[in-house]
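Working notes, beginning with the structure itself.
The values are calculated or read from the model by the stated rules, or taken from the named source; none is laboratory data. Predicted, not measured: the structure shown is a model, and the values here were computed from it. Glycine also receives a Cβ, built like all others from the backbone with ideal geometry; neighbour counts cover every protein chain displayed. Ligands, DNA and RNA are excluded from the accessible area calculation, which covers all protein heavy atoms including side chains. Shrake-Rupley method; radii C 1.70, N 1.55, O 1.52, S 1.80 Å.
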Amino acid sequence: MTILVVEDEIKITRFIKKGLEMEHYTVETAYDGQEALDKAEINNYDLIILDIMLPKIDGITVCRKLRENKVETPIIMLTARDTVEDRVKGLDAGADDYLIKPFAFGELIARIRALLRREKTVKSTKLVVGDLSMDPATHEVFRGDKEINLSSKEYRLLDYMMRRPGQVCTRTMIGEHIWGYNFTDDSNVIDVYISYLRKKVDNGFPNKLILTVRDVGYKIADKKKIKM
Ligand code: CA
């Protein structure tokens, strides 16, 4: 397992590198955004730890560029400020998780393990709800014969719900699965992403598949098949 640590503060980089090596990970480092992009596009890392405040190119832009270039490596963002806006920006850019500085090393390790475990459990059976279908092998999503393009976060959210058709997915379940094990329910990031998904999946179709379960969360179901 090789992890790329991108952070310009040498003290922090050394601290993370040393700790990860003690956990038997191989660590490479980059000290600015350009170096990170160059390294991540050449090497096949298992995970990237990416600070937002970086010289040359900031972490958010690095993350977005990597995703645009189809680099699917899991990314944990390091952010100095804990604001919903910052988190949404990072997640929107394609990050999988985030950690607020300063953080305990044990928490970083736990996040890394959770992410790497999740990467391994992707299954490859085609998922179908009503006329919505998703192919985990090709990442293609169709509503009827219309292809739907999703961001990586939207895709993972839809994938999670489609594996549980007709079942309530609580905010906690969704949050922990998509945003990390100790996700807190005090942001509206899930509702924001559900609204993105609805625009792409349900807009223009009379039969809405993404349903709100009031005060609890969401579910995906074909109402035509459910006896009311
Ligand atoms: Ca920094």
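Quick one: in segment 102-129, which of the residues that are closer than 21 Å to ASP222 by Cα and either modelled with pLDDT of 95 or more or among the β-branched types (Val, Ile, Thr) (or both) is surrounded by the fewest Cβ atoms within 10 Å (Cβ to Cβ)? Reasoning before the result, please.
Of segment 102-129, the ones closer than 21 Å to ASP222 by Cα are 125-129.
Those still in the list that are either modelled with pLDDT of 95 or more or among the β-branched types (Val, Ile, Thr) (or both) too: 125, 128-129.
On the way: THR125: 10, VAL128: 14, VAL129: 21.
Restricting to residues being closer than 21 Å to ASP222 by Cα and either modelled with pLDDT of 95 or more or among the β-branched types (Val, Ile, Thr) (or both), the top hit is THR125.
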Of all residues in segment 80-93, how many are surrounded by 21 or more Cβ atoms within 10 Å (Cβ to Cβ) and farther than 18 Å from ASP191 by Cβ? 1
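Out of the residues in segment 43-60 meeting the condition of being more than 14 Å from the ligand (Cβ to nearest atom) and within 16 Å of the chain's Cα centre (by Cα), tell me which one is surrounded by the most Cβ atoms within 10 Å (Cβ to Cβ).
Going through segment 43-60, the residues more than 14 Å from the ligand (Cβ to nearest atom) turn out to be 43-48.
The next check asks that each one be within 16 Å of the chain's Cα centre (by Cα); those that pass are 46-48.
Values: ASP46: 16, LEU47: 23, ILE48: 26.
That would be ILE48.
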Take ASN207 and tell me if it is at pLDDT 90 or above, loosely packed, with under 15 Cβ neighbours inside 10 Å and within 21 Å of THR73 (Cα to Cα). no
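Take the residues in segment 1-15 that are more than 12 Å from the ligand (Cβ to nearest atom) and either over 23 Å from the mean Cα position of the chain (by Cα) or not hydroxyl-bearing (Ser, Thr, Tyr) (or both), then tell me which one is surrounded by the most Cβ atoms within 10 Å (Cβ to Cβ).
Here is the first cut: in segment 1-15, the residues more than 12 Å from the ligand (Cβ to nearest atom) are 1-4, 14-15.
Adding the requirement that they be either over 23 Å from the mean Cα position of the chain (by Cα) or not hydroxyl-bearing (Ser, Thr, Tyr) (or both) leaves 1, 3-4, 14-15.
Details: MET1: 13, ILE3: 24, LEU4: 22, ARG14: 13, PHE15: 14.
Result: ILE3.
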PRO74 is checked against (1) farther than 18 Å from GLU154 by Cβ; (2) away from the ligand (no atom under 15 Å from the Cβ); (3) in contact with a helix residue (DSSP H, G or I) (Cβ under 6 Å, 6 or more places away or on another chain) and fails just one. What number does that condition carry? (1)
Elements of type strands (runs of 3 or more DSSP E) contained in segment 35-132, each with 1 or more residues being free of Cβ contacts under 8 Å to residues at least 40 places away in the same chain: 75-79, 97-100, 127-129
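Test GLU28 against the criterion of being of a type outside the set (A, V, I, L, M) and open to solvent by 60 Å² or more (accessible area, probe 1.4 Å), and give yes or no.
Numbers: of a type outside the set (A, V, I, L, M): yes; open to solvent by 60 Å² or more (accessible area, probe 1.4 Å): yes.
Taking the combined requirement at face value, the residue satisfies it.
Which of the residues that make up segment 159-176 are within 19 Å of ASP222 (Cα to Cα) and without any contact (Cβ under 8 Å) to a residue 60 or more places away in the chain?
Applying the first criterion (within 19 Å of ASP222 (Cα to Cα)) to segment 159-176 yields 159-170.
Answer for segment 159-176, where residues must be within 19 Å of ASP222 (Cα to Cα) and without any contact (Cβ under 8 Å) to a residue 60 or more places away in the chain: ASP159, TYR160, MET161, MET162, ARG163, ARG164, PRO165, GLN167, VAL168, CYS169, THR170.
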